[in-house]
Amino acid sequence: MAPLDGLRVLDLTMWRPGPYATQLLAQLGADVIKVEPPGGEPMRMFGDHFDVLNRHKRSMVLDLKSSDGRATLMGLAESAEVFVEGFRPGVAERLGVGHEVLRGLNPRLVYCSISGYGAEGPLRDVPGHDINYRAYAASLAPDAVSPEADELPIADMSAATMAAFAITAAVLKARATGVGDRIDLGMADVLAHWVGTVPEATHRSGAGPVPGYGVYPTKDGRKITLGVVSEERLWAASCRALGIEEHAGVPFMERLGRIGELDGAVATAVAKLTMAEAIERLTAAGAPVAPLLSHAEMLGLDHFKQRRIQEEGPVRMSVHPPLPEGAVAALDEHKGQSWRLTQ
């Protein structure tokens, strides 16, 4: 049995944040019914994206603008524990499936709304996407440039993960008290909270925050990353591997005062090596090094393949493991079904 076996989830979300949140729940055993509009979720046109976000779910088409569609949804909501929607603020209410209506039918229901800026506040009605939320939350660098098509959507994925966490916490409380909740999750809020936990940048030096922490080009046009912070042993290991032993004994506080000089020495040493040479030397010395991989190289990496990350998700449990890779439901494949009879 997976950890969330028996958890009944109605998923009315589309695109990325909501579907990833409910997939995290589904991978842990939740019974997720994906409610799609007539014609299906638009993201179905992009199979490579849709499929990886919608495994282990059932699909049901409901027209919420029709009385029959709303009635079917109400019937499902009466025995669900979780309802997730990703409409713009106010849309669910106009459709007749707002949190007050559904929690009136089912007081134990955990109702999660995921939106760009949250259901309340001056920005609630402002349209946006990942780059806008990152900009408002100060999570884009001042010298940021337009993203490439394959750039990781940080706001989407962080909000999805936070939603799965919040839903699970609220379900625990609802099961204990019999009283559900309404979760109002703004994607920009998550990033703003994250950014608020780190000091404000005062200047841009071109180097990392400490010597040996950053991205370094190699002789063959590739890049590696080093992750030395305050650890004396990691700094010394990096220096020895790169042939700059004269700096190996510099203590942390002194390194902070010589960032440009010492990080420059690291960069110069790395630039004399190919990526493979740098990784081999630094790894052998016990230094915190990693290659800057492409998407394809990451997918082919033995480490992630052995851990079956793409097939089984990022969560590892020994007693109640997540479900293995599952099928993606065809549009409306589960028309007319209710919850699993075994639950």
Okay, strands (runs of 3 or more DSSP E) sitting entirely in segment 1-115 with 3 or more residues that are closer than 17 Å to Pro322 by Cβ, I get none
Given the condition modelled with pLDDT of 90 or more, closer than 15 Å to Tyr20 by Cα and hydroxyl-bearing (Ser, Thr, Tyr), answer yes or no: does some residue in segment 147-163 qualify? yes
Flag for Ser230 being without any contact (Cβ under 8 Å) to a residue 40 or more places away in the chain, part of a loop (DSSP other than H, G, I, E, B), touching a Phe, Trp or Tyr at 6+ places or on another chain (Cβ under 9 Å) and not hydrophobic (A, V, I, L, M, F, W, C): yes
Subset of segment 309-336 (residues that are within 30 Å of Pro217 (Cα to Cα) and either open to solvent by 50 Å² or more (accessible area, probe 1.4 Å) or among the small types (Gly, Ala, Ser) (or both)): Gln310, Pro314
Determine whether segment 161-181 contains at least one residue that is assigned to a loop (DSSP other than H, G, I, E, B), open to solvent by 70 Å² or more (accessible area, probe 1.4 Å) and farther than 28 Å from Asp5 by Cα. no
Just one of Ala164, Ala174, Ala144 is touching a Leu at 6+ places or on another chain (Cβ under 9 Å), of a type in the set (A, V, I, L, M) and over 24 Å from Arg88 (Cα atoms); which is it? Ala174
Identify, from the list Thr274, Thr283, the residue that is open to solvent by less than 60 Å² (accessible area, probe 1.4 Å), under 25 Å from Ala241 (Cα atoms) and of a type in the set (Ser, Thr, Tyr). Thr274
Hey, among the residues in segment 131-140 that are of a type outside the set (S, T, N, Q) and in contact (Cβ under 8 Å) with a residue 40 or more places away in the chain, which one's most open to solvent (accessible area, probe 1.4 Å)? Tyr136
Scan (1) open to solvent by 40 Å² or more (accessible area, probe 1.4 Å); (2) in contact (Cβ under 8 Å) with a residue 60 or more places away in the chain for the single condition Val289 breaks and write down its number. (1)
Within the set of pairs 6 or more residues apart or between chains, which connect a residue that is at positive phi inside segment 14-28 to a residue that is hydrophobic (A, V, I, L, M, F, W, C) and open to solvent by less than 20 Å² (accessible area, probe 1.4 Å) with Cβ atoms less than 6 Å apart? Trp15/Met43
Scanning segment 145-160 residue by residue, those out of contact with any His (no Cβ under 8 Å at 6 or more places or on another chain), outside any helix (DSSP H, G or I) and charged (D, E, K, R) turn out to be Glu148, Glu151
Scan segment 116-125 and give yes if some residue there is within 20 Å of Ser158 (Cβ to Cβ), hydroxyl-bearing (Ser, Thr, Tyr) and modelled with pLDDT under 95, otherwise no. yes
Which residue pairs have Cβ atoms closer than 8 Å, lie 6 or more positions apart in sequence or on different chains, and pair a first residue in segment 141-157 that is under 12 Å from Ile131 (Cβ atoms) with a second residue that is surrounded by 10 or more Cβ atoms within 10 Å (Cβ to Cβ) and among the basic types (Lys, Arg)? Pro153/Arg16; Ile154/Arg134; Ala155/Arg134; Asp156/Arg16
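The values are calculated or read from the model by the stated rules, or taken from the named source; none is laboratory data. Predicted, not measured: the structure shown is a model, and the values here were computed from it. Every residue, glycine as well, gets a Cβ built from its backbone with ideal geometry; the counts of neighbours run over all protein chains shown. For the accessible areas, the whole protein counts, side chains as well, though only heavy atoms, and no ligand, DNA or RNA atoms are used. Shrake-Rupley method; radii C 1.70, N 1.55, O 1.52, S 1.80 Å.
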